[in-house]
């Protein structure tokens with residue numbers, strides 16, 4: 001995997017064998033890594049494709065480029081077949097599907113190199129992984145975050161190599177036994193530790209519900225001010241002067257000193273009056289007061305959590321857990337030996353087999369296993 005460094009969160013592994021890469025992806029799923037964290041990309045085989053069903057089983061899944069043999073996980077089984085100019089047929093799944101899908105329609109910014117650098121892989125290493133990919137190798141990526149070492153260990157266990165040990169990719173493979181036969185040291189869903197001889201540890205995984213709080217706007221109160229007009233009349237008393245002319249008869253008297261007898265002129269007598277002057281003044285007559293209070297209420301938060309339980313079937317004394325087609329054939333043999341299903345056609349017992357399979361193999365969808373079990377069911381019948 002990519003050399004661990006401060007801040008590195010993406011693990012990258014290169015596989016020479018497709019079945020090893022598939023088993024590594026299955027092991028990542030068993031360890032709790034989701035499809036959104038895992039990426040899968042490989043070259044197609046001369047345009048040969050086979051159609052696999054999608055998770056909903058409606059048969060509408062995209063054709064996948066020669067994804068045959070081995071145990072197909074949900075991520076690989078739902079992979080999309082692409083035809084990329086200059087490269088040819090490509091099968092991609094998970095976080096690498098969108099990046100290579102863009103390249104297929106001429107919209108990608110750098111293809112696989114751009115996707116890896118966006119995930120924090122140095123450009124020099126990204127170019128190396130791209131060259132391995134174009135040479136026909138299988139590239140698996142894991143957005144591991146704080147589980148970097150765990151994801152690295154899982155990929156190493158199934159024979160992956162990376163930029164840091166690229167020279168050993170063709171010979172020795174760290175953490176991988178029996179390289180000449182292509183058989184890993186562990187079964188599909190078990191992890192063999194480096195401790196006591198013969199010790200096998202099967203992890204039980206359980207989801208926990210974490211609930212937090214955040215501030216959101218639940219609504220608002222609007223205060224709107226309107227201006228209304230009305231005419232008012234106010235009575236005001238005003239005073240004005242009026243001139244009244246009165247002519248009196250004084251008889252005959254001589255002129256007084258200072259009186260001019262025959263001088264013409266105009267005498268002006270000012271007349272005063274009061275004028276109304278009005279002005280407007282804004283005054284506060286009331287106010288609206290808003291107060292916010294915090295009310296606490298209890299809300300029930302519910303979700304569906306998953307957990308795995310490990311059940312040991314001691315009635316099956318097998319030397320090693322079957323893998324790939326051997327697993328499906330073993331399952332078909334066991335079920336046909338059951339008195340409830342002996343001598344019956346596959347279509348007659350399919351519903352019961354689907355329920356039983358889901359309980360025994362939660363990591364492998366029925367849509368992935370169905371075709372293999374049907375074929376094994378017929379083979380067992382013919383053998384009998």
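The values are calculated or read from the model by the stated rules, or taken from the named source; none is laboratory data. Worth saying up front: this structure is predicted, and the values here are computed from it rather than measured. Quick reminder, even Gly has a Cβ in these numbers, built from the backbone with ideal geometry, and neighbours come from all protein chains shown.
General observations
- Selection count where residues are out of contact with any strand residue (DSSP E or B) (no Cβ under 6 Å at 6 or more places or on another chain), modelled with pLDDT of 85 or more and part of a helix (DSSP H, G or I), scope the stretch 128-147: 6
- Which listed residue, of 208, 188, is part of a loop (DSSP other than H, G, I, E, B) and modelled with pLDDT under 85: 188
- Any hit, the stretch 154-161, residues being in contact with a helix residue (DSSP H, G or I) (Cβ under 8 Å, 6 or more places away or on another chain), within 30 Å of residue 137 (Cα to Cα), surrounded by 10 or more Cβ atoms within 10 Å (Cβ to Cβ) and modelled with pLDDT under 85: no
- Any hit, the stretch 308-323, residues being modelled with pLDDT of 85 or more and either over 30 Å from residue 365 (Cβ atoms) or not in a loop (DSSP other than H, G, I, E, B) (or both): no
- Filtered residues of the stretch 1-32 (kept if modelled with pLDDT of 90 or more and outside any helix (DSSP H, G or I)): 10, 11, 12, 13, 14, 15, 16, 17, 31, 32
- Scanning the stretch 341-359 for residues that are free of Cβ contacts under 8 Å to residues at least 12 places away in the same chain and over 17 Å from residue 375 (Cα atoms) yields 355, 358, 359.
- Residue check, residue 268 without any contact (Cβ under 8 Å) to a residue 24 or more places away in the chain and either surrounded by 10 or more Cβ atoms within 10 Å (Cβ to Cβ) or part of a loop (DSSP other than H, G, I, E, B) (or both): yes
- Unmet requirement for residue 277, which otherwise passes all of (1) more than 30 Å from residue 35 (Cβ to Cβ); (2) part of a helix (DSSP H, G or I); (3) at pLDDT 85 or above: (2)
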